[in-house]
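The structure appears right after this line, and notes come after that.
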Amino acid sequence: MQTVWILGDQLHRDVSSLSAATPKTSRVLFVVSTSFLGSRSWHRQRVHVVLAGMRRFALSLEQEGFDVDWRIANSMGEGVQAHCEQFGSRSVRVMEPADVRLRGAIGKIDRSEVTPNDQFLCSSSQFAQWAGTRKSRLRMEDFYRFQRVRLDVLMDGSEPVGGQWNLDHENRERPPKDGRAWPAPSLYPLDEVDKEISALIDKYVPKVTGAAWNGLWPTSSAQAQQRLNKVLAEVLPKFGPHEDAMLSSSWHLAHTALSSSINLGMLRPHDVVHAAEQAYRNGHVPLASAEGFIRQIIGWREYVYGLAHYWGASYADHNQLNATMPIPPAFRDANATRMVCVSQAVAGVEQRAYAHHIQRLMVLGNLALLAGVNPQAMTAWMRESFIDSADWVMAPNVVGMSLHADGGMMATKPYASGGAYINKMSDSCKGCAYDPKLRTGAKACPFTTLYWDFLARHEDRFRSNHRMSQPLAGLRRLSDLPAVQERAAEVKQMLAAGTL
Ligand SMILES: Cc1cc2nc3c(=O)[nH]c(=O)nc-3n(C[C@H](O)[C@H](O)[C@H](O)COP(=O)(O)OP(=O)(O)OC[C@H]3O[C@@H](n4cnc5c(N)ncnc54)[C@H](O)[C@@H]3O)c2cc1C
Ligand code: SF4
């Protein structure tokens, strides 16, 4: 009998290693590695979503008639070896991992027979071929159009539906002030599997953070499909215009909260994209919303996956801005700061292992960039804290897009901004101890102070970047730069001490 080994982010019946298997031909192996679980601190919901997802998938395969080996072992390799010895398996079929480093390691595991990863619409070799045809930068917008055409998504023949490829300019509205309601994700009732997984976590994960599991995140394809159906009916029609906004009254606005389900394999990107396109073609969703959402999936998501593999494992080690600050206490404790925007984002991470894109990029990432938080420490913190984390998605998003630690390989200019941007796009500043317009003095917004200090510190590096000429011209006009830099030094000390 053939063994099929399912990894924790391959939780779908149709993955390439399993799609043709039947209970007569194959036994299915799941390995829970206790050394991996014990190697770092984890958000309780993050570790629960993966283990409960694996467990539910294992049980559904048992119901289908498969002989399932649910194995708790010190390491993955040891688990596979013990399985092979017990069942006399000569080879173990496993789908290529999405994670860059794990992909390198898996082929080295004895007796493994690797099938191609089919959880992305553009494989890493297709991406490499596309990248090889580019004469200049690997721009997301070019990749997105390449994907639209080759996948025939939102196309009228050879032209984009509606005549435009990208309707993002319609999607940058400020937060609405009308107190409207945003469709909230449903909770899934807790059951025996959740109890079993909570006990497993108590036993094998010594360092847990964050709130207890409350059923917010889907842990099976069926639950994920329910969430997708709700998204299509209620969220997608609103998706887009307020994508960049942050509101204290809603942690999700019109974000879909689908990333963990897609990254763990419970939903297949093709199905998600097809459903969104259908919703547009049925007249249920405006084009700007459907296009904006589809761009996130076939554009951004596939682009970062492609880049992560194209640039390889060492990409995650970049630190071109020589950033050395450890993770500040404010990221681990929402009460360790008076910065309302940061405290709100961190409270969301504590409560549900989630912050939406703009909170990740323009609050947490921006602060880390400006203050000089070490990119590898930031990646590690996000990896253990976020419900949807994975190395392929974090390396380009954290090291590249957010912290500009790759020296501009991914983003032509750093996503750096002072408090004015957060003030424009959120309602956080109103109740804050700091003032987004001030750059010096005890009430100065730390983002505003650190923004000018960041530009001054890296002026030489950015001088030849024409996209930075305007901010640098602003820097040269500052009459109080020494006072700003003095305040910036205080701010960084306070941030590191948890007193900001
Ligand atoms: C610093 C930083 C760290 C991030 N870390 C992660 C991470 O660990 N895991 C993760 O999946 N995403 C990550 N992202 C990307 C993005 O923020 C999340 O995918 C998104 O916030 C998930 O919430 P959602 O499902 O509600 O997304 P929505 O706003 O509803 O977007 C829909 C979907 O588009 C996809 N998507 C959108 N933007 C991106 C992107 N930049 N990269 C990859 N997929 C994208 C996701 O699958 C997402 O579910 C990160 C972004 C930044 C700036
Ligand atoms: S004033 Fe500054 S720190 Fe306070 S909420 Fe606004 S941007 Fe954040």
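The values are calculated or read from the model by the stated rules, or taken from the named source; none is laboratory data. Everything quoted here is computed from the prediction, not taken from an experiment. Cβ atoms come from the backbone with ideal geometry, glycine included; neighbour counts cover every protein chain shown.
Numbers below:
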quantity	calculated
Subset of segment 28-42 (residues that are without any contact (Cβ under 8 Å) to a residue 60 or more places away in the chain and over 26 Å from SER17 (Cβ atoms))	none
ALA390 vs. criteria over 23 Å from LEU253 (Cα atoms), aliphatic (A, V, I, L, M) and more than 16 Å from the chain's Cα centre (by Cα)	no
Odd one out for THR209, checked against (1) over 25 Å from TRP392 (Cα atoms); (2) in contact with a strand residue (DSSP E or B) (Cβ under 7 Å, 6 or more places away or on another chain)	(1)
Residue satisfying all of: in segment 431-449; surrounded by fewer than 23 Cβ atoms within 10 Å (Cβ to Cβ) and among the hydrophobic types (A, V, I, L, M, F, W, C); farthest from ligand 2 (Cβ to nearest atom) among these	ALA442
Filter result for ALA390 (surrounded by fewer than 18 Cβ atoms within 10 Å (Cβ to Cβ) and either within 15 Å of ligand 1 (Cβ to nearest atom) or in contact (Cβ under 8 Å) with a residue 12 or more places away in the chain (or both))	no
Some residue of segment 354-370 being of a type outside the set (A, V, I, L, M) and more than 14 Å from ligand 1 (Cβ to nearest atom)	no
Residue in segment 197-207 that is in contact (Cβ under 8 Å) with a residue 60 or more places away in the chain, closer than 22 Å to ASP391 by Cβ, away from ligand 1 (no atom under 11 Å from the Cβ) and assigned to a helix (DSSP H, G or I) present	yes
Any hit, segment 221-239, residues being surrounded by 18 or more Cβ atoms within 10 Å (Cβ to Cβ), at pLDDT below 90 and not in a helix (DSSP H, G or I)	yes
Scan of segment 1-51 for residues that are among the hydroxyl-bearing types (Ser, Thr, Tyr) and more than 22 Å from the chain's Cα centre (by Cα), ordered by number	THR3, SER16, SER17, SER19, THR22, THR25, SER26, SER33, THR34, SER35
Residues of segment 302-357 classified as within 16 Å of ligand 2 (Cβ to nearest atom), among the small types (Gly, Ala, Ser) and farther than 23 Å from MET425 by Cα, total	1
Positions within segment 228-252 being under 14 Å from ALA184 (Cβ atoms) and over 17 Å from the mean Cα position of the chain (by Cα), in sequence order	LYS230, VAL231, ALA233, GLU234, VAL235, LYS238, LEU247, SER249, SER250
Which listed residue, of MET425, MET410, is within 16 Å of ligand 1 (Cβ to nearest atom) and more than 30 Å from TYR315 (Cα to Cα)	MET425
Residue check for ALA497: buried (at least 17 other Cβ atoms within 10 Å of the Cβ) and touching a residue at least 24 places away in the same chain (Cβ under 8 Å)	no
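Conditions tested, residue by residue: (1) modelled with pLDDT of 95 or more; (2) within 15 Å of ligand 1 (Cβ to nearest atom).
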| residue | (1), (2) |
| --- | --- |
| MET266 | yes, yes |
| PRO269 | yes, yes |
| ALA279 | yes, yes |
| ALA288 | no, yes |
| SER314 | yes, no |
| ASP333 | yes, no |
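Rundown of residues vs (1) touching a residue at least 40 places away in the same chain (Cβ under 8 Å); (2) under 29 Å from GLY215 (Cβ atoms); (3) part of a helix (DSSP H, G or I), yes/no style:
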position: ALA275; (1), (2), (3): yes, yes, yes
position: GLY283; (1), (2), (3): no, no, no
position: GLU291; (1), (2), (3): yes, no, yes
position: ILE297; (1), (2), (3): no, yes, yes
position: TRP300; (1), (2), (3): yes, yes, yes
position: VAL304; (1), (2), (3): yes, yes, yes
position: ALA323; (1), (2), (3): yes, no, no
